[in-house]
Amino acid sequence: MGAQHQNKTDALWKPGSFADADGHFRRPPPSFKNFITTDVDADFPAEVCRYVLYVHYACPWAHRALITRKLKGLDDIVEVVELDDKTPEIGWTFGGRTGPDKDPRYGFKYLKQLYEKAVPGWSGRSTVPALWDTKKETIVSNESTDIINMFYDKFDAFLPEEKREANKGETAIIPPSLKSEIATLNEWVYDGVNNGVYKTGFASTRDAYEESLFALFSSLDRLEEHLGDPAHQPYLYGKNITDADIRLFTTLIRFDAAYFTSFRCNLKMIRYEYPRLHLWLRNLYWDQSERTHGAFHSTVRFDLVSHTSGRKRARVDIPQYKEMYAYATVSKVIPKGPLPHILPL
Ligand SMILES: N[C@@H](CCC(=O)N[C@@H](CS)C(=O)NCC(=O)O)C(=O)O
């Protein structure tokens, strides 16, 4: 099987424009859909130090990959390269403020150049996370769901026995008996919450905004109810951290600090109105035990989360606030609170 990618300008995604003509945000599909396997003869076989993960710490999708890499103990197996700010014209940069000032391998200044190295004439979006193959010099995948699925078990041969998913049974990241239940939850959580905050924040009409906003908060209410079942405590599926926890965490840790203000997801805050979700979130964030290697805590950078989201333009057309939003956009002052960004346990 040859490398799979799609090289075309995303019809739904133009620089500076986030919503369709009807005001709804629609996420374009990922462009690189290859998969690392344990088969040594495959196009992308699992190997130590062959693959590099490109990330920005503000991005919740990249964050999933960072958590999984740490949780699985892949630090010495998959290298990470951190990007700096994004420019509206060219996208992610190697700026030296966060991460190196140029790509460590090729000296590039923009992530876009890495995409162009993979596919000459690349004209699509250059997104993080991107998993780079140093041997084939191409992008394996730029889809976070696929990347975390690869990290879950494809590198297990290089890990101690007890860290291998096949040996973990019901304590696996995706326990066999919960596979379909977790898949169902992931699906509505993706639509209502993970992507829901984006649909709310990038909506360009009041109707589209309200539609996503109310759907987002019904999904959060549903999650709060889910956590009310003793079988769903302290984590979403009991005593073990699963795929569902990883995916939800990266959105909720940004919620009060960024989405509430910048994406106008402001009907309720996690810390005040969702006691179970709040406890769930803090249990993960403050866990620095051997079991998690502090995977959740060490991968959160609140300074970048609020900085990057704070610059998103306010686009909802609410006449009374139009002037205020216009000013907020021009002034570029980043909202500070709530402080602290997360409360203690
Ligand atoms: N489907 C992708 C989405 C990744 C994505 O949208 N990343 C954003 C940052 S949060 C990005 O890199 N955007 C750059 C751009 O659109 O130019 C995934 O889950 O991996």
Taking a probe of 1.4 Å and leaving out DNA, RNA and ligands, the chain shows per residue an accessible area in Å² of 45
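Compute the signed sum of charges (Lys and Arg +1, Asp and Glu -1) over the other residues within less than 10 Å, Cβ to Cβ, of Asn186.
Around Asn186, the surrounding residues sum to -3.
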Expressed as a whole percentage, what fraction of the accessible surface of the stretch 169-274 belongs to carbon and sulfur atoms when a 1.4 Å probe is rolled over the protein heavy atoms? 52
For the chain, give the share of DSSP beta bridges that are antiparallel, in percent and rounded to the nearest 5; count only bridges with both residues there. 75
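Which entries of Lys168/Lys239; Lys102/Lys136; Lys109/Lys136; Lys72/Lys154 show an alpha-carbon separation above 18 angstrom in the structure shown?
From the list (Lys168/Lys239; Lys102/Lys136; Lys109/Lys136; Lys72/Lys154), the Cα-Cα distance tops 18 Å for Lys102/Lys136; Lys109/Lys136.
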Would you please calculate the Kirkwood hydrodynamic radius of the chain over all C-alpha pairs and express it in Å, rounded to one decimal? 21.0
So for the stretch 1-172: antiparallel DSSP bridges make up what percent, rounded to the nearest 5? 75
Could you tell me the relative contact order of the chain? Use alpha-carbon pairs under 8 Å, at least six residues apart, and round to a whole percent. 18
Given a 10 angstrom Cα cut-off, can you work out which residue in Ala42, Ala19, Ala62 is the most mobile in a GNM of the chain? Ala42
Most fluctuating residue of Ala21, Ala244, Ala215 in a GNM of the chain with Cα springs under 10 Å: which is it? Ala21
For the stretch 80-153 and the stretch 177-226, compute the distance between their C-alpha centroids and round to whole Å. 28
note: the stretch 96-236, Cα-Cα separations exceeding 20 Å make up a percent value of 67
Total formal charge among the other residues, if their Cβ is under 15 angstrom from that of Pro45, Lys/Arg +1 and Asp/Glu -1: -3
GNM on the chain, C-alpha springs below 10 Å: top fluctuator among Val140, Val119, Val40? Val40
Simple Cβ-charge dipole of the chain, Lys/Arg +1 and Asp/Glu -1, about Cα centre, in debye nearest 20: 1080
Which order do peptides 71-77, 285-291, 232-238, 251-257 fall in by mean Cβ count within 10 Å, highest first? 251-257, 232-238, 71-77, 285-291
Overall Cα dimensions of the stretch 1-172, principal axis frame, Å, largest first: 50, 38, 33
Tell me what the chain gives for mean residue ellipticity at 222 nm when only DSSP H runs of n ≥ 4 count, each as -39,500 (n - 2.57), the sum divided by the residue total, rounded to 500 deg cm²/dmol. -10000 deg cm²/dmol
Please list, in order along the stretch 166-180, the HN-Hα scalar couplings obtained from phi with the Karplus expression 6.51 cos²θ - 1.76 cosθ + 1.60 (θ = phi - 60°), rounded to whole Hz, x for Gly and Pro. 5, 9, 8, x, 6, 9, 5, 5, 10, x, x, 6, 10, 3, 6
For the stretch 24-123, which GluC sites (Glu not before Pro) are in a loop by DSSP, counting at most 12 other Cβ atoms within 10 Å? Glu89
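The values are calculated or read from the model by the stated rules, or taken from the named source; none is laboratory data. Here the structure is a predicted model, which means the values were calculated and not measured. Here Cβ is always computed from backbone atoms with ideal geometry, including for glycine, and neighbour counts include all displayed protein chains. When the accessible area is computed, the model is the full protein with side chains, heavy atoms only, and any ligands, DNA or RNA have been set aside. Shrake-Rupley method; radii C 1.70, N 1.55, O 1.52, S 1.80 Å.
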